[in-house]
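Novice: One structure, pasted below without further comment.
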Amino acid sequence: MEFLVASAIGVLTAAGVYMVLRLRTFPVIMGMSLLTYAVNVFLFASGRLTIGAPPILMKGVESYTDPLPQALVLTAIVISFGMTAVVVMIALGAYLGADDDYVNDPPEVGAETGEDPR
């Protein structure tokens, strides 16, 4: 089970980094989402994968599940959703302002010689 979770984290991280390095806006946003999913799975798995154990210690219970990673993941999901909405709005504004969705700006004409392009 640990190998499967570690492999999933690795694949999500690799795909996220690959998509963040693209030049278009939408793949960058999707790559950031994949990276946040990888971090969420990592945080969730850091609390030990325990099945059927209660989240708090009560009478008669020998072991329990740590609730802190679950709370951290829930908080991270809310924050990543909000940040994705902000980044989508910034990307939409940039696309509508420039009629282009490339992440980097193309070099201006005459920039290498120091001439004014106007």
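The values are calculated or read from the model by the stated rules, or taken from the named source; none is laboratory data. This is a predicted model, so every value here is computed, not measured. Neighbour counts are summed over all protein chains in view; Cβ atoms, including those assigned to glycine, are modelled from backbone coordinates with ideal geometry.
Novice: Tell me, yes or no, whether region 51-73 has at least one residue that is aliphatic (A, V, I, L, M), in contact with a helix residue (DSSP H, G or I) (Cβ under 9 Å, 6 or more places away or on another chain) and part of a helix (DSSP H, G or I).
Specialist: yes
Novice: Please find, among Arg22, Arg118, the residue that is in a loop (DSSP other than H, G, I, E, B) and modelled with pLDDT of 80 or more.
Specialist: Exactly one of Arg22, Arg118 is in a loop (DSSP other than H, G, I, E, B) and modelled with pLDDT of 80 or more, namely Arg22.
Per-residue answers, yes or no, for (1) acidic (Asp, Glu); (2) at pLDDT below 90; (3) more than 30 Å from Tyr102 (Cα to Cα):
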position: Glu2; (1), (2), (3): yes, yes, yes
position: Ala6; (1), (2), (3): no, no, yes
position: Ala14; (1), (2), (3): no, no, no
position: Val17; (1), (2), (3): no, no, no
position: Tyr37; (1), (2), (3): no, no, no
position: Thr50; (1), (2), (3): no, yes, yes
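Novice: Tell me the residue from Val78, Val86 that is closer than 30 Å to Asp99 by Cα and at pLDDT 90 or above, please.
Specialist: Values: Val78 fails: closer than 30 Å to Asp99 by Cα.
Exactly one of Val78, Val86 is closer than 30 Å to Asp99 by Cα and at pLDDT 90 or above, namely Val86.
Novice: Here is a follow-up. Residues in region 59-109 that are among the aliphatic types (A, V, I, L, M) and more than 24 Å from the chain's Cα centre (by Cα): how many?
Specialist: Summing the residues that are among the aliphatic types (A, V, I, L, M) and more than 24 Å from the chain's Cα centre (by Cα) in region 59-109 gives 4.
Novice: Something else: When both residues are 6+ apart or on different chains and their Cβ atoms are under 6 Å apart, which pairs have a first residue that lies in region 64-87 and is more than 17 Å from Ala38 (Cβ to Cβ) and surrounded by 15 or more Cβ atoms within 10 Å (Cβ to Cβ), and a second that is modelled with pLDDT under 90 and not charged (D, E, K, R)?
Specialist: Pairs that qualify, where the first residue is more than 17 Å from Ala38 (Cβ to Cβ) and surrounded by 15 or more Cβ atoms within 10 Å (Cβ to Cβ) and the partner is modelled with pLDDT under 90 and not charged (D, E, K, R), are Thr65/Thr50; Thr65/Ala53; Thr65/Pro55.
Novice: Report whether or not Leu21 is without any contact (Cβ under 8 Å) to a residue 40 or more places away in the chain, closer than 20 Å to Tyr102 by Cα and either surrounded by fewer than 17 Cβ atoms within 10 Å (Cβ to Cβ) or over 12 Å from the mean Cα position of the chain (by Cα) (or both).
Specialist: In short, yes.
Novice: Can Leu43 be described as at pLDDT 85 or above, surrounded by fewer than 16 Cβ atoms within 10 Å (Cβ to Cβ) and among the hydrophobic types (A, V, I, L, M, F, W, C)?
Specialist: no
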